[in-house]
Structure formats: structure tokens, C-alpha cells
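Some notes on the structure that comes next.
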Amino acid sequence: MLNPRNVTASAPGKTILFGEHAVVYGKPAIAAAVDKRAYVSIQEREDKKTHVTINNIGISGFLNIEQGTIELDNGENNEGILKYVLIALMKTGSKDGLEITINLDIPVGAGLGSSAAVTVATVKAASSFKYVKLTRDEIAKLAYQVELIVQGSASPIDTILSTYGGIVYLSRDAEKIIKLDIDSEIPLVIGYTSKRGNTGKLVESVRLKTESNPQVMIPLFNSMEALTNGAREALTSGDHKMIGEFMNINHGLLDAIGVNTDELSKMVYIARKKGALGSKLTGAGGGGSMIAYCPGKFKEVIESINEFENAFKLKISTDGVRLE
């Protein structure tokens, strides 16, 4: 039996415009919250067990918050997002006896920050369920800790965007979060492939390459820093040509560190052929998503990508995490 009280929180996904992977090594990044959200609902169970259902991807299971364990309903070994939910519940001091339902607008594994959105929404819902008011700063910090625990290495930018919304510049070494005063109607298209990337594994692969070849990898990250700072100026001034050029260079550098795929490249180059001024993979890579900067060419780019993958016009979410 369930208690009728229900608390639901939601948080947006994100897309990284410039600087992914380099941000893990103290370099700046620019990212935007997208108008695709994760919804986390919590009710009390009378049997003192905690159960989670993620409707969109068919994963469900029992969590033991006290012991930190997961038992999937179908017996498979694919805990995925449930790990983030479990650690978020532990970090908020939640007790067993919860029924949690998660609904996603965000494609999972597509580089659009689904895990961060679920984590932030879980922190908000779980704390609110306990009548604890957390500031946005506190939510962002707790959610980032969760991602660090699950992934081993993570950037704070995903959880920051899911918490605050909007478009942000994350300064070097994540010392400052600067909201950029840019028109939210940026002419961007997102394309995503059915092949999903694993953020944790990709971040780890880049880390291993950096440790074994720092003389090669560090200059690539330094170049990403320079182009991210240049892109910030171009976005602020509305310099379409330079925005596209920086985007194309960023894609080349991400290809160089080994996180590109054939599927992503096909979408990237089709977008440019159809009139995009710039295009690049976004997020961890290894599958997932790309973005295209295409003023005046939305229709052509979206239709061409939709012939073999999925694409939609990006809408910036100015709202961060919220109670529904």
C-alpha cells in the first residue's frame, strides 16, 4: 500500500556547446539546459522497502538504502540510472520505504545529461519529501558528489545545468559559474544516434590516454580552452561565422582524443553539407548526440538527419530543477 502523499521534482537535461572532456581537466566549458526533463515522483510504502521504476527504459528494482545495494526486478545486471538514484537517496539521508517513479523526456545515453537530470531531480524530490529545504547550491553540490561516486570522475557542469537551467560558462577549475546573457533562441539542432555512449567508460578512457601521453593530450585540452573562450565572445557578440568555426574545430579535437564515432561523424558532416555553419559531437561521445549551429537552415538539417537517425530543434530551458 502507498501513502497518498506524492512529491514530484523535475530537472532539465543539457547539451555542451564547447569544452566537453577538457572540463574534467580544469578547462572552461559552455553548456545549455535543454527543454527535455527527468521527472522523479516519491511516495511512501508501508512495507519499508524502496522500489524504483523507470518507465521509459523498462528498468525497475528494489534499493536498499541502508546497505547500498540494488536488486533488479528482471534479474539482469544493468543497474544504470538506478545507481544514481540510490546514491542520491543515501546522500540526502533518506530512509527505506519509498516508491519512486521516474519518467524521462530525455533520450538515455544520448549525451544529453539524463543521469544528471535524474540525480538532481531525485535530490530535490527526496529532500522535499522529508520537508528539508535545500538551496540550489546545495542541490548542485550533492548531485555532483553523486556523479563522482558513480562515475569515478565527472565534471560539475551537467549537474549545474540541471540545477540552474539557462546557458552557463564554467570558468577554469570550475571556480565560477557565469550565466551568459545570450538569446535563448540559439539556432541549434540536436541529432542523436541509437548507439549509446557510456559516460563513465569514456571519461576513464580519456584519463588513461592523458596519463600515458600527457605531452600529446594536454595541448589538446589547452586548445579546447582557447576555443571555448573564443566561442564565449562569439556567442555574446552574435558572430555566426566564428561560432560555427569554433564548433568545427572543437569536433576535430574531440575526434583526436578518441571519443568520436562513425555515426556521430555522419550526422556532423551531413549537417554541414545541408547548411550548418558548424557542427560537433556533444557530451561524452562514443555514440549519443551531436549539435549543429544552423541559422536559417533548421528544416534542411533536421530533415536530412531524420532520414537515418533522430533530430530536433534545441530549445533552451531557462528553468532548472523545480517541484511539479
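The values are calculated or read from the model by the stated rules, or taken from the named source; none is laboratory data. This is a predicted model, so every value here is computed, not measured. For neighbour counting, all protein chains shown are included, and Cβ atoms are generated from backbone atoms with ideal geometry for every residue, glycine included.
So, in segment 38-79, exactly how many residues are in a loop (DSSP other than H, G, I, E, B) and farther than 23 Å from ILE149 by Cα?
Residues meeting the conditions: 8.
Could you pull out the residue among ALA126, ALA154 that is in contact with a helix residue (DSSP H, G or I) (Cβ under 6 Å, 6 or more places away or on another chain) and either without any contact (Cβ under 8 Å) to a residue 12 or more places away in the chain or under 22 Å from GLY19 (Cα atoms) (or both)?
One residue alone meets the criteria, ALA154.
Quick test for you: out of ALA33, ALA11, pick the one residue that is under 30 Å from MET217 (Cβ atoms), not in a loop (DSSP other than H, G, I, E, B) and not assigned by TED's automatic domain parsing to the domain that holds ILE291.
Step by step, each of ALA33, ALA11 is checked, and only ALA33 is under 30 Å from MET217 (Cβ atoms), not in a loop (DSSP other than H, G, I, E, B) and not assigned by TED's automatic domain parsing to the domain that holds ILE291.
Would you be able to tell me the number of residues in segment 274-324 that are part of a loop (DSSP other than H, G, I, E, B) and either surrounded by fewer than 16 Cβ atoms within 10 Å (Cβ to Cβ) or out of contact with any helix residue (DSSP H, G or I) (no Cβ under 7 Å at 6 or more places or on another chain) (or both)?
13
Taking segment 171-225, which residues are closer than 30 Å to GLU79 by Cβ and hydroxyl-bearing (Ser, Thr, Tyr)?
Within segment 171-225, TYR192, THR193, SER194, THR199, SER205, THR210, SER212 qualify.
Can you tell me which of ILE177, ILE243 is among the β-branched types (Val, Ile, Thr), over 17 Å from GLY111 (Cβ atoms), touching a strand residue (DSSP E or B) at 6+ places or on another chain (Cβ under 8 Å) and surrounded by fewer than 20 Cβ atoms within 10 Å (Cβ to Cβ)?
Only one candidate passes the filter, namely ILE177.
Could you tell me which residue of segment 260-283 is farthest from THR15 (Cα to Cα), considering only residues that are at pLDDT 95 or above and among the β-branched types (Val, Ile, Thr)?
ILE270
Restricting to segment 114-158, give me the number of residues that are among the polar types (S, T, N, Q) and either surrounded by fewer than 24 Cβ atoms within 10 Å (Cβ to Cβ) or not in a helix (DSSP H, G or I) (or both).
Matching residues across segment 114-158 total 7.
For (1) charged (D, E, K, R); (2) more than 21 Å from the chain's Cα centre (by Cα); (3) within 24 Å of VAL24 (Cα to Cα), each residue gets a yes or a no:
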| position | (1), (2), (3) |
| --- | --- |
| ILE249 | no, yes, yes |
| VAL259 | no, no, yes |
| LEU264 | no, no, yes |
| LYS274 | yes, yes, no |
| LEU277 | no, yes, no |
| GLY283 | no, no, yes |
| GLY286 | no, no, yes |
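Regarding ASN78, is this residue modelled with pLDDT of 95 or more, assigned by TED's automatic domain parsing to the domain that holds VAL168 and surrounded by fewer than 19 Cβ atoms within 10 Å (Cβ to Cβ)?
Spelling it out, it is not the case that ASN78 is modelled with pLDDT of 95 or more, assigned by TED's automatic domain parsing to the domain that holds VAL168 and surrounded by fewer than 19 Cβ atoms within 10 Å (Cβ to Cβ).
Looking at (1) of a type in the set (Val, Ile, Thr); (2) assigned to a helix (DSSP H, G or I); (3) free of Cβ contacts under 8 Å to residues at least 60 places away in the same chain, find the lone condition where THR163 falls short.
The one condition THR163 does not meet is (3).
(1) out of contact with any strand residue (DSSP E or B) (no Cβ under 7 Å at 6 or more places or on another chain); (2) surrounded by 18 or more Cβ atoms within 10 Å (Cβ to Cβ); (3) part of a loop (DSSP other than H, G, I, E, B): which one isn't true of ALA110, the others all being true?
If we test ALA110 against (1) out of contact with any strand residue (DSSP E or B) (no Cβ under 7 Å at 6 or more places or on another chain); (2) surrounded by 18 or more Cβ atoms within 10 Å (Cβ to Cβ); (3) part of a loop (DSSP other than H, G, I, E, B), just (1) comes out false.
Name the residue, out of LYS95, LYS48, LYS27, LYS91, that is surrounded by fewer than 18 Cβ atoms within 10 Å (Cβ to Cβ), out of contact with any strand residue (DSSP E or B) (no Cβ under 7 Å at 6 or more places or on another chain) and touching a residue at least 40 places away in the same chain (Cβ under 8 Å).
After applying the criteria, what remains is LYS48.
Just the residues that are of a type outside the set (A, V, I, L, M) and crowded, with 19+ Cβ neighbours inside 10 Å, please, taken from segment 249-260.
The answer is ASN250, HIS251, ASN260.
(1) at pLDDT below 90; (2) within 26 Å of ASP137 (Cα to Cα); (3) over 14 Å from the mean Cα position of the chain (by Cα); (4) not aliphatic (A, V, I, L, M): which one isn't true of THR193, the others all being true?
Result: THR193 passes all but (2).
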